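Scroll down for the structure; my scribbles are underneath it.
The numbers here are math on the coordinates, done by the rules we state, and not lab data. All values reported here derive from a predicted model rather than from experimental measurement. We place every Cβ from the backbone using ideal geometry, glycine too, and count neighbours over all the protein chains shown.
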């Protein structure tokens with residue numbers, strides 16, 4: 001989250017999933033760990049700065065913290081991307097919400113973790 005390029009990918013994923021939530025009429029609020037509405041409303045640079053600040057906060061306050069998917073990888077456990085990303089992509093297709101970044105991430109994971 002502290003790497004600007006990675007943060008840019010996170011911003012795109014957040015915006016795509018927020019668009020899906022809007023299409024499903026699901027309201028979103030700014031909550032930890034990601035203040036989604038603020039990220040969606042912000043410019044690209046501001047949104048990346050939000051993600052970078054969250055990452056920096058994790059580094060300072062919880063340097064050993066790992067997101068659940070990373071914990072799964074480190075344990076050698078099965079990733080649940082089909083149930084999470086796959087579900088979101090299917091709903092996006094049904095509702096006509098383009099999700100190109102999420103789709104690319106899903107395809108990469110399906111090759112790396114079949």
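Brief remarks on what is shown
- Each peptide in 98-105, 71-78, 54-61 receives the mean, over its residues, of other Cβ atoms within 10 Å, and ordering these scores from highest gives 98-105, 54-61, 71-78.
- Calculated over the chain: convex hull of Cα atoms, volume per residue (Å³): 108 Å³
- Mean-position separation - Cα centroids, the range 87-113 and the range 1-78, in angstrom: 17 Å
- Segment residue 108-residue 82, extension gain: residue separation times 0.36 nm, minus the distance between their alpha carbons: 8.2 nm
- Using C-alpha pairs under 8 Å with a sequence gap of at least 6, the mean separation divided by the residue count of the range 4-112 gives a relative contact order of 32 percent.
- For the chain, built as a Gaussian network whose Cα springs stay under 10 Å, the top-fluctuating residue of 51, 26, 39: 26
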